[in-house]
Each structure stands twice: as C-alpha cells, then as structure tokens.
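> Pasting a structure here, questions to come.
The values are calculated or read from the model by the stated rules, or taken from the named source; none is laboratory data. All of these numbers come straight from a predicted model, not from anything done at the bench. All Cβ positions, glycine included, derive from the backbone under ideal geometry; neighbour counts span all protein chains shown. Areas reflect the complete protein model, heavy atoms only, side chains present, ligands, DNA and RNA absent. Shrake-Rupley method; radii C 1.70, N 1.55, O 1.52, S 1.80 Å.
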Amino acid sequence: MKRAFLFFIILPFISCSDSVSNEFEAVNGNVEERRLQSISVVSPQRPEDNKYFLFTYDGQGRLTSFTDSEETAVVLYEDNSVSGFADSYGTIGIEELYASPYDAFSTGQVEEYDNKGNPRILSFLEPVYDYELNTVVQEQYTLEISYDEQPNPYYYTLESAGLINVLDRIQLNFGMAPQPEELIRARLLFPLNNPSQLVYRDEAGEIVHTVNVDYNYEGDYPTSATIIALSPQSGSSANLSVTFQYRN
C-alpha cells in the first residue's frame, strides 16, 4: 500500500483558518452521507493489475479496517476517538487507483488552489536520466488537477474513522506548535470535490501523462467510472473500469 490515505501529500506551511468540515459543507452544501463498502478496479489489458478495496465497519458505523486484498490496515480507537492504525497510515493512493506512474501526491507541493479550495496545480521532483551527463537528475514536473462538481466521495468514509475530526483540529497558522507532518499533508491537500482529470507536464511544459475519468453518478456519488491513462511520449496507455459500492 502506498503511504498516503487517499490524496495526501507534503506541502509548504501556509496560513489557513477554516476546518475541513466547514470547507466541505460550504462547497457542497447538505449532501447525502454515504460510506464506501468497496471499490473494484478492472484492467482489461492487464488482469494482474485488477484491484479490490474493501472497507469494514463496526456496529457504531465506524470504519474498522480497509484492505486492497494484499494488505490490511486496522483502525484503532481509544475512548471513541481514532488513535492510530495497526498497519501503514494509508491505502488507495490516487496514483495507484488512476494508473499514474508518478508520485506527485506523496512528494509534491501545491502551487495553486481553484476557486473552491481544491488543490489545482502541484509541483514535484521526478528522477530523469540525462544521456549527456550519463546520470539521473531531478527535474521539476507539474500536475494540473480538474474536478467534477460532485463532492469528494471518500469524505464520509474518512469521517467514520474520525479522521475528519482529527484534520479539523490541525491549525495551519504561523507560530503554532509543531504538529504531525502526515496530518499537515492530509489537511493541506484534502480535495473537496471529485478529481476527474490529471495532466502531468515535464520541466519543458510538455505533457507526459494524462488521466481522464468519466464517472456515472447516482445523485452526488459515483457508482462507476471509466479511466483512460495515456503517456504520449512513450505511447503507452491503460483503460480501467471502476465500480463503487456503498454501505447501506
């Protein structure tokens, strides 16, 4: 599993005063509370890349574990509050789910937000082989993200694990006492809407990879999606079919 729960990355320390829950409500209004039960990803070209993510809950509706069929993370609670995870801090990295070959969401920095507060442009360092120098160098790549109008479909799943409450307590103001780096990463990149396109560019501004997602929605939530990932320079491509199921 990638060490990033959903869409978390490291970002510069900036000033921010509102909470994740307030921002989510301001952007999306009153939406139905739905929690994910499973996500199935099918790759017709490479069946070995098929994935199945399963979420389990207790009698109180709290998320207790999540798995990708190979590894399982167990959510630990103490006094009805999340206290940690028995495995790594994450699963279902967006790059893993969307068949992207880059690690922008775990190593990048947000350069710009859209008018709703979603991270829109990220910059990150990518190792590239320089044939003139005969060595690997670090080049600055960028990622531009577009979103549908619908809310982040993972929000209430995260809330059921107490993570939204944890992020609400993160204060991103100058002069605050040090706080856990992973939570700061999570807080600063948290998407309020549903990502639908990723465009990666190299240092020269050339497109090196794109991911386009066409969702089928039932109300505010996706029930299925078709993902098309393309790498123009290498000519490689990937088509994925995704199915979302929610807890009753």
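> Rank 165, 99, 117 by how far each Cα sits towards the positive end of the charge dipole of segment 36-246 (+1 on Lys, Arg Cβ; -1 on Asp, Glu Cβ) and give me just the farthest.
It is 165, whose Cα lies furthest towards the positive end.
> If you look at just the Cα atoms of segment 201-248, how large are its Rg and its Dmax in Å?
Considering segment 201-248 through its Cα atoms, Rg and Dmax are 14.6, 48 Å.
> Once the Cα atoms of segment 125-248 are picked out, what are the Rg and Dmax in Å?
According to the Cα coordinates of segment 125-248, Rg and Dmax are 18.6, 58 Å.
> Using only the Cα atoms of segment 36-246, construct the convex hull and provide its projected area averaged over every direction, in square nanometres to one decimal.
Seen from a random direction, the Cα hull of segment 36-246 projects 14.3 nm² on average.
> Let me ask something else about it. Could you pull out every residue, at least 5 positions away or on a different chain, whose amide H is within less than 5 Å of the one on residue 139? Hs are placed 1.01 Å off N in the peptide plane, and Pro or chain starts have none.
126, 128
> Moving on. Taking H as built 1.01 Å from N, whose amide H comes closer than 5 Å to the amide H of residue 224, not counting residues under 5 places away?
Residues meeting the amide H criterion: 216, 244.
> Next question. Mind jotting down the distance between the C-alpha centroids of segment 21-74 and segment 107-176, whole Å?
19
> Kindly write out, for segment 69-74 in residue order, the coupling ³J(HN,Hα) from the Karplus curve 6.51 cos²θ - 1.76 cosθ + 1.60 (θ = phi - 60°), rounded to whole Hz, with x marking Gly and Pro.
6, 10, 10, 10, 10, 9
> Ordering 46, 187, 120, 169 by accessible area with a probe of 1.4 Å, largest first, what comes out?
Correct descending sequence by accessible area is 169, 46, 120, 187.
> Could you list which residues have their amide H under 5 Å from that of residue 116, counting only those 5 or more apart in sequence or on another chain, with H placed in the peptide plane?
Under 5 Å from the amide H of residue 116 lies no amide H from a residue far enough along the sequence or on another chain.
> Hey, if you put +1 on the Cβ of every Lys and Arg and -1 on every Asp and Glu Cβ in segment 36-246, which of 193, 42, 129 ends up farthest toward the positive end of that dipole?
193
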